[in-house]
Amino acid sequence: MTDQESATDRGASARVVGDFLQRRREQISQRWADETLFRTVFTVSRDEAVEAAGALVEALAVVAATGRIEDVRAPGFFGVREQLARMAASRARAGSSPGHIAEEVAALRPSVSELLAADLAEADGEAAGPHLVTLTVLLGTLRLVVMETALSAGQDIIERQRLQLLEVATPVIKLWDGIVAVPLIGTLDSARSQVVMESLLEAVVAQQARFAILDITGVPTVDSLVAQHLMKTVAAARLMGAECIVSGIRPAIAQTIVHLGIDLGSVVTRATLADALAHALHRLGVVIVDRAATGGGPR
């Protein structure tokens, strides 16, 4: 058999499978609705599971009709990719790995293969073997599509969690009326610097702050990139009408800054957060009285 004849046979078999899927769409949907992949995602209503399964059967029928049963980019899959992504994300949130989800997709094959064999036997006794192979290939492609969407959904979840951790790790604290502070702990990379800047500017506006303190006591090292991020944040705060103070500059960090030739001359710096707060309070005209030193007692 030539390659052209083989391709023709595969195309004819794909059309047979496509016709079968269209014809038995409702029966397949009912069977698939009880499988783990659908049952564990659509827990409120079985009708939702049947509808989702029906949409997937319809998509597979379209792919089979085009003969592109091995193409994960076949147009027939476009309409269900979003649905598959939601299902994969739901299973991922429930703790299922992409491999586990792929096994759940593979579990869809027996029920539909059994129905195809029975359907062909009832029709004209046509040999079901080639068409079962075609169906297996088609469902294998579906498995790849689901794994692809599952991996993508997993990456989206990881990215959202990363951003949430960044936000939690960079809180903006109101120290006084008109004074806010961001205590930075850990490495300051580009993504985190962007979160710091956005959080600080939002706080400056919300609190009508005149002073914003960036405390880097918990930042282990300062290099040129970290200094650049700090300078950008200081400049952005100034544009919003707030004076920015950088505190927590330890001797080792001061030496590093000098060694790198980083110019922080335009930035107000203080050794500790307490010093920075005292500076901001003084600029606001707030007088702090040490009662112990003046002999006064607490009221």
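Please treat every number below as a calculation from the coordinates, not as lab data. Remember, it's a predicted structure, so these values are computed and weren't measured experimentally. Reconstructed Cβ throughout: ideal geometry from the backbone, glycine too, with neighbour counts over all protein chains shown.
Can you work out the FRET efficiency for the pair Gln208 and Gln228, with r the C-beta to C-beta distance and R0 = 30 Å, to the nearest 0.05? It would help to have the intermediate numbers written out before the result.
Numbers: r = 28 Å, r/R0 = 0.94.
Plugging the Cβ-Cβ distance into 1/(1 + (r/R0)^6) gives 0.60.
Fully extended, how many nm does the chain gain between Arg46 and Ser113 (0.36 nm per residue separation, minus their Cα-Cα distance)? All intermediate terms of the calculation are to be shown ahead of the outcome.
Details: separation 67, 0.36 × 67 = 24.12 nm, distance 2.25 nm.
My answer for the length gained is 21.9 nm.
Rounded, prolate or oblate: which fits region 3-164 when a ≥ b ≥ c are the square roots of the eigenvalues of the alpha-carbon gyration tensor, with rounded for a/c under 1.5 and prolate only if a/b beats b/c?
prolate
Could you list Ile249, Ile69 so that the one with the fewest beta carbons within 10 Å of its beta carbon is first and the one with the most is last?
Values: Ile249 20, Ile69 26.
Placing the least packed residue first, the sequence is Ile249, Ile69.
Using Cβ counts within 10 Å as a stand-in for footprinting exposure, how do Ser97, Ser29 rank, fewest first? Could you put the intermediate results ahead of the total?
On the way: Ser97 12, Ser29 20.
By the 10 Å Cβ count, ascending, the order reads Ser97, Ser29.
So what's the Cα pair-distance distribution over region 173-294, bin width 5 Å, in %?
The percentages, shortest bin first, are 2, 11, 22, 24, 19, 11, 6, 3, 1, 0.
How about region 1-109: which trypsin sites (Lys or Arg not before Pro) there lie in a loop by DSSP and see at most 13 other Cβ atoms within 10 Å? Before the final figure, lay out the partial values.
Details: sites: Arg10, Arg15, Arg23, Arg24, Arg25, Arg31, Arg39, Arg46, Arg68, Arg73, Arg81, Arg86, Arg91, Arg93; in loops: Arg24, Arg68, Arg73.
Those that pass, being in a loop and sparsely packed, are Arg73.
Going through the DSSP H helices of the chain, which span 18 Å or more along their own axis at the Cα atoms while scoring at least -0.5 as a mean Kyte-Doolittle hydropathy? Could you put the intermediate results ahead of the total?
Values: long enough: 3-23 (30 Å, -0.82); 46-66 (31 Å, 0.91); 78-93 (23 Å, -0.39); 109-123 (21 Å, 0.31); 129-169 (59 Å, 0.68); 190-207 (25 Å, 0.60); 224-239 (22 Å, 0.77).
Qualifying helices, which must be both long enough and hydrophobic enough, are 46-66, 78-93, 109-123, 129-169, 190-207, 224-239.
Determine the distance separating the Cα centre of region 250-266 from the Cα centre of region 208-245; give it in Å without decimals.
First find each Cα centre; the distance between them is then 14 Å.
Tell me, what is the FRET efficiency for His282 and Thr217 to the nearest 0.05, using R0 = 22 angstrom and their Cβ-Cβ distance as r? Could the numbers behind the result be given before it?
Working: r = 21 Å, r/R0 = 0.94.
Rounded to the nearest 0.05, the efficiency is 0.60.
Report Rg (one decimal) and Dmax (nearest whole number) for the chain, counting Cα atoms only, units Å.
Calculated on Cα positions, Rg and Dmax stand at 31.8, 108 Å.
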